[in-house]
């Protein structure tokens, strides 16, 4: 094996929940090993600590339902299962703008940074929906009877003992059978 074989997989660990709750995380590790053995055609599987920490992060009882991993077959003959990190490569357009010292927004518009600040403030005022403006307006109360406005408010005493129901034993309800 002169070249390394590398693949990215999302492993469904949903069947782990069928196991007893105290054995779920070890079962998830075993499922990852089985998956790697099946897809990479090698019996020697090594799992990195990062993947194990992901599985055990919420404890033994609740491992994740899915996990995204990178499996790479090495020259030594074993498969290394590591955590997948999403690495996006930057595009050529953004690299050119970075060299010129302009941001990508300014280069698209062809305006200076002062003009873009003025545009942002005018856009914010235009983008405000009418519903939000109406919701902030004060609400007037009309047609409220004067009796309701002048009614006294009842005060509750804090020192008064509250009634508690004491349940010593369940009530026995015996139904009489009629003949």
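Any read-out appearing in this document is the output of simple, stated calculations on the displayed coordinates, not a laboratory observation. In this text, all values refer to a predicted model and were calculated from it rather than measured experimentally. Don't worry about glycine lacking a Cβ; one is built from the backbone with ideal geometry, like all the others, and counts go over all protein chains shown.
Key figures for this structure:
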{"read-out": "Computed log₁₀ I(q)/I(0) - Debye formula, equal Cα scatterers, no solvent, the range 5-83, q 0.27 Å⁻¹", "value": "-1.30"}
{"read-out": "Set of the range 7-32 residues, backbone N closer than 13 Å to the point 7 Å along the Cα-Cβ line of residue 84", "value": "7-13"}
{"read-out": "Net lengthening on full extension, residue 56/residue 30 (0.36 nm per residue, minus Cα-Cα)", "value": "8.1 nm"}
